[in-house]
Every structure is written in structure tokens, then in C-alpha cells.
1. Tell me whether region 253-270 contains one or more residues that are within 30 Å of Val145 (Cβ to Cβ), buried (at least 17 other Cβ atoms within 10 Å of the Cβ) and not aromatic (Phe, Trp, Tyr).
2. Scan region 129-139 residue by residue and report those that are in a helix (DSSP H, G or I) and open to solvent by less than 100 Å² (accessible area, probe 1.4 Å).
3. Being hydroxyl-bearing (Ser, Thr, Tyr), under 19 Å from the mean Cα position of the chain (by Cα) and open to solvent by less than 40 Å² (accessible area, probe 1.4 Å) is the filter here, so list the residues in region 390-442 that pass it.
4. Can you tell me which condition Met24 does not meet? The list is (1) surrounded by fewer than 16 Cβ atoms within 10 Å (Cβ to Cβ); (2) in contact with an Asp or Glu (Cβ under 9 Å, 6 or more places away or on another chain); (3) more than 23 Å from Arg435 (Cβ to Cβ), and all the others hold.
5. Suppose we keep only residues that are open to solvent by less than 10 Å² (accessible area, probe 1.4 Å) and in a loop (DSSP other than H, G, I, E, B) within region 487-496. Which one would you say is farthest from His217 (Cα to Cα)?
6. Could you please give the count of residues in region 203-233 that are more than 11 Å from Val35 (Cα to Cα) and open to solvent by 20 Å² or more (accessible area, probe 1.4 Å)?
7. Among the residues of region 193-202, how many are more than 18 Å from the chain's Cα centre (by Cα) and either surrounded by 21 or more Cβ atoms within 10 Å (Cβ to Cβ) or at pLDDT below 90 (or both)?
Amino acid sequence: MSVLDVENLTFGYGEGNFYEAASMRLFASEHAVLVGPNGAGKTTLLKLLAQQFKPDQGTINWAPSIRIGYLDQYATLDGEQRVEDYLHTVFKPLFDKEKTMQSLYEQAVNLPEKAQTRALNRAATLGEELLEDNFYQIKSDIGKVVHGLGLSMDLMDMKIKHLSGGMRAKIILGKLLLDDTDVLLLDEPTNFLDIKHIEWLTKFLKEYAKAFIVVSHHEPFLQAIAETVLALESGQITRYKGNFDYYIKERALRHEQQKKAFNAQQKLIEKTEDFIQKNIVRASTTKRAQSRRKMLEKLPRIQAPRSSRTYRFNFPYGRSTGRDVLITEDLTIGYSEPLVEPLSFVIMKGEKVVITGKNGIGKSTLVKTVLDYVPALGGQCQWIDTADIAYFAQESDLPDQLTPFQVIHDAYPKFTKQDVLRLLGQHGIDPDVSRRPIGTLSGGEKTKIRLALLRHQKSNVLIMDEPTNHLDAAAQDALQEALIQYEGTLILVSHDQPFYQSICDIEITLFETE
């Protein structure tokens, strides 16, 4: 039985549509993954399914009483709320029931005998209901999810505003996993997760008794969880009933069949148009030519198969530096309290260094401290005076209301229109996307715009904080090659071990203070 039916879905922003009369179904307990290149509309489709957007045409029908859980890593949270209180909102009715029970017990002490008996009986009934709802298992369930995602129970008393971007994304995911929804819609749940935590999430989803649709660029993860693949292809949602390996093989076969059919049709069109041109003006053959013209007008056109997108990332090198580029001595990082032991290290000219450590340990804080965005709690940090630093932050600060074209043109005012479009195109942003507000773009598209901003910024020190988040495989490969080719000093923050191991020769691992 299907829990979701999508029929004739059309949706777009201004010029061009993501989907053209697309249809799909999701069945009860079905484990599906949604795939497609950056900008194909995966995040947009999840927002449509979560009823955050309305389709331009077509229908999205959920089965009655279906509860949907949607992972939005950009959700606005109350920064003053404690992490524990945020996670407990999933179980609010049960916690409210516990408060009522405790209040009845407290009130019963001072009540007359009959009223006291009624209060105690009511409290006992509530206690039995809490037992039936496994209320006293809740803390254990929260602990399992918190530890499984690589967080610590020490975070429970922290305010959300003090969390790193990765920790914040994890508690949003954690709350969603704790909720008893009928369908999970997860957009890039592996962002900020280390390998062992991806393994935990993989096991959780494989054992999940209900349905989900997951978007991710982490192929081993997709291979492990997919029973059905929904592929965004040429404005349609194509269903592949099988695992991810089946999808890869079947897609290649369909691509080859489409290529042959397209080429055959193009030959037919060319031959028919040549016949029409030669015969339309001759009285003896004009009717035949007109008939073939009508045939061509009615002929359903086969679209050319889309080839894999290519990217041209580059980070230009400027002037040379001296030997010791960055020196730290007993550098203490953190906010009110130190996050890690004091750090003493030297990064030398031309070295490629990766900073690793579990989420929330302070990797981004270290970067912001050496850049003097966050004050150090102690110790010293000194850059060589010839350092020209280009910085890619973990979180995007692009203005939602501007377009990619406006952002690039503002950064490089001497660029012509063609220069701007060429630069964006090299980074995977098509002309139609370049005219859309940034707030409507996917995470991968936003990342590519920020990479484009660095294309003409000469540097001798490049600092990149989790640059692969949201990027598809082809873009990650291009970024990896560009970082290998970079001639300056590289400081990279990454949790993606296969990505950074081929780039960096030095690793600085952060550990918690004892």
C-alpha cells in the first residue's frame, strides 16, 4: 500500500522547471534514496513532500494520518533552549503527564481523605500509563541516539547557541530519529558524521520499521541503506526497484539505450527535413513533403542523455612566504572554558595540513582563533607577515535575497556579464540558476558559488573548513584535484578521510581537555 502518491508534479523558480509532470510513489516501510547531481532539485523535492513548498501544478497526496519527519539542517532553533529540553520536546506529552502525576502526589498530602484518595488514584493511573508508554526508557533511548551520532551527554545542559554547526546539525537529526514518525525525509544526514557514526546511522536506518527517503552524496552509505532508488532525470522522477548497485548498472544501460534512440531519431529528423526542403516547392511532391512536415511536428522528441557535469576549480597562488607560516605556543581555544589542551605547533611553507577530531571538539574554533575571529583564551598565535589568506568557512554567509550573478559581479565589478557567467559555469552554476535567489538554491550550489568567489583571489595560505559538505561526487573529485595542485600552504578541516588523505601529508588531531 502506498503512503505517498505524486502525480504530474511541475515546479520551478522563474525560468525553467525542476520537474515536468513528474510522478512517483512511496510504499509503507519502503527504504528509498533520492539521487541526482547538485541542482537537480533533490532538496526542493523533499521540501515539497514536507509541504514547505506548494507545487506549481500536480498533486502530492499523503495517506491519511501519516506523520512526516523532515530533516532540515538549516532550521531555526531557539538558541537559549537547552539541548536536553530540545530533545525532550519529542516526548512532551509524556513529560507533561509525569509533571501532572508528581503534582497530584504533592497535593494529596494536604487534601481531605476522599479528595486525597481520588488524587492518589489518578496519580497511580498516570503512572501506569507512563509505564505502558515506556516513559522510563526515554533517557536510555536519548543516550543511545546521542552517543550513536558522536555527541556527549555532557551537552544536555548546554544552550543551543553554544553548539558548533556540526553539533547543531546532529541534535536536529537526533530529535528526528527519536520521534515516532511514519516517514522520514532526510536531507544529507551524514554531513558532519565521522565514519563510525555513519555506520551507526546506517544500522539504525536498515532496522527502521517504517518508510524513509534519504538524500546523500555518500555512496557507501547509499549502497548500504537503499532498497529503492528514486532518480531525478530530465525533469522526471525515475524509480529503480533495487539497491544502489542495481541502479548504477540499470542507469548505464538506460543511458546507452537513450543515446542510441536519440541518435537514431536525429538521423530520421535530418533525413526528413532534407526531403521536405527538396520537395516542398515541387508540385508533384509537395503533398508528400507537407505530410512529412506534419509528421515531424507531431513526433515526440527524445531528449539527449545528459553527460556528467565537469568542474574547473582553481585556487591561484600569489607571492611566496618565508619558512614558518604559522606558529602557535600553548594556544588555548574555546569560549568560557578551554575546548582542548593548549596547542603548540608550526605549519611551514607549502605544507598541507588537515585538522581532525570528533565533532564539537573545536576544529572550527581553532581556525577562527588563528584568524582572530574568536579571541584566544591563552597562549600565542603568529602568522608570518607575508601571509595572504583565503578562507572558506564551514557555514555559508551568502545573502539569500541576491542571485549568484549579483554576488560574483559585486565581488568582481570589472567582470563583464560573459565573465561572470563563465566563472559560474566552471563551478557548475548554469545561467538559469545564476538568476535565482540564493535562498532557493541547494547546499551544493551555495558551496560552488563560494568556491567561485575564491577563483580570482590570489593567496599563499588557503584555509578550508569542511568544503565537501553538500558537494556531489564529481564536484568533490574536482575540488580534491584543485587542492592537490594548490602551490601554497593548505589548512583543511575535514571529517572525510578518503578525501583528505590524498591531499594532506600532516594531520593535527584535537583531543578534549582532561
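1. no
2. The answer is Glu129, Leu130, Phe135, Gln137, Ile138.
3. Thr440, Ser442, listed by residue number.
4. Unmet condition: (1).
5. Out of the qualifying residues, it is Gly488.
6. Number of matching residues: 11.
7. Of the residues in that region, 1 qualify.
Residue by residue, here is whether (1) on the phi < 0 side of the Ramachandran plot; (2) of a type in the set (Gly, Ala, Ser); (3) outside any helix (DSSP H, G or I); (4) open to solvent by less than 10 Å² (accessible area, probe 1.4 Å) holds:
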| site | (1), (2), (3), (4) |
| --- | --- |
| Lys446 | yes, no, no, no |
| Arg450 | yes, no, no, no |
| Arg455 | yes, no, yes, no |
| His470 | no, no, yes, no |
| Gln476 | yes, no, no, no |
| Gln480 | yes, no, no, no |
| Ile503 | yes, no, yes, no |
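The values are calculated or read from the model by the stated rules, or taken from the named source; none is laboratory data. Owing to the predicted nature of the structure, the values given are computational and were not obtained by experimental measurement. Cβ atoms come from the backbone with ideal geometry, glycine included; neighbour counts cover every protein chain shown. Remember, those area values only see protein heavy atoms, side chains included, never the ligands or the DNA or RNA. Shrake-Rupley method; radii C 1.70, N 1.55, O 1.52, S 1.80 Å.
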